[in-house]
Amino acid sequence: MKTNQLQKNIFLIGFMGSGKTSVSLQLSDMTGLKKQEMDQILTQREKMTVAEIFERKGEPYFREQETVLLKQFGGGDPQIISCGGGVAMKEENVGIMRESGTVVCLTASADVIYERVKDSRERPILNGNMSVEYIQQLMEARRPFYEAAADVIVDTSHMRIDQVAEAVLSAVSQ
Ligand code: S3P
């Protein structure tokens with residue numbers, strides 16, 4: 001796919017471990033568009049890990065910085081933006097994403113998510129709660145927000161990364 005076929009940003013949202021980072025890399029390779037990783041930008045700005053930001057400055061501060069950052073993605077060339085898993089929980093954020101792009105939600109079953117995230121200590125929301133049951137419960141609580149925010153939903157549970165990226169591109173090009 002050529003870059004000029006995509007006029008708008010692509011925002012990848014979804015639960016932790018749904019594949020946003022890997023798929024955004026693949027999409028960037030396939031389209032030539034620049035990839036932005038929200039967590040990475042915020043940790044570079046703050047010179048702290050996400051877990052440290054939560055601990056030292058608090059979750060509300062992290063959530064405010066996510067909104068500030070989201071506003072900076074509008075206006076330029078289209079980009080692929082991999083959002084943190086909590087971004088779609090805030091209505092203001094959904095409005096900002098909609099203004100400049102297509103919102104694509106990646107999903108996966110709780111079992112698959114657990115396998116993908118279980119060895120990570122970088123997600124304060126899951127630290128101390130690392131179980132399929134907890135993931136299932138939090139996913140269910142968040143599901144209405146993800147579904148309301150999404151223009152497109154892709155279940156990544158049984159797909160390779162390149163297949164997910166193809167599915168995203170075909171959906172956003174319609
Ligand atoms: C969060 C998801 C994380 C990160 C932070 C909070 C969440 O991003 O932004 O730990 O609330 O779901 P990933 O979805 O990239 O892991």
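The values are calculated or read from the model by the stated rules, or taken from the named source; none is laboratory data. Every value quoted in this text rests on a predicted model; they were computed, and no experiment measured them. Reconstructed Cβ throughout: ideal geometry from the backbone, glycine too, with neighbour counts over all protein chains shown. With ligands, DNA and RNA removed, areas are computed over all heavy atoms of the protein, side chains included. Shrake-Rupley method; radii C 1.70, N 1.55, O 1.52, S 1.80 Å.
The table for this structure:
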{"item": "GNM result for the chain, Cα springs below 10 Å: residue of Thr156, Thr21, Thr49 fluctuating most strongly", "result": "Thr49"}
{"item": "Built amide H within the under 5 Å cut-off of Asp155, gap 5+", "result": "Thr107"}
{"item": "Rg/Rh ratio calculated on Cα atoms of the range 4-78 (Kirkwood radius)", "result": "1.00"}
{"item": "Amide proton proximity set for Lys34, modelled H, under 5 Å, gap of 5+", "result": "Ile80"}
{"item": "Whole-Hz couplings from phi, Karplus 6.51/-1.76/1.60, listed for the range 72-81; x for Gly and Pro", "result": "7, 8, x, x, x, 5, x, 9, 9, 10"}
{"item": "Heavy-atom accessible surface of the chain: percent carbon and sulfur, 1.4 Å", "result": "47"}
{"item": "Length released on extending from Asp151 to Gln136, taking residue separation times 0.36 nm less the Cα-Cα span", "result": "3.1 nm"}
{"item": "Cα-Cα over 28 Å, subset of Lys34/Lys57; Lys71/Lys118; Lys34/Lys71; Lys8/Lys47; Lys8/Lys57", "result": "Lys34/Lys57; Lys71/Lys118; Lys8/Lys47; Lys8/Lys57"}
{"item": "Net charge over other residues, Cβ less than 14 angstrom from the Cβ of Gly76 (K, R count +1; D, E count -1)", "result": "+2"}
{"item": "Computed label-point distance, nm, for sites Arg63 and Gln44 using a 7 Å Cα→Cβ extension", "result": "2.6"}
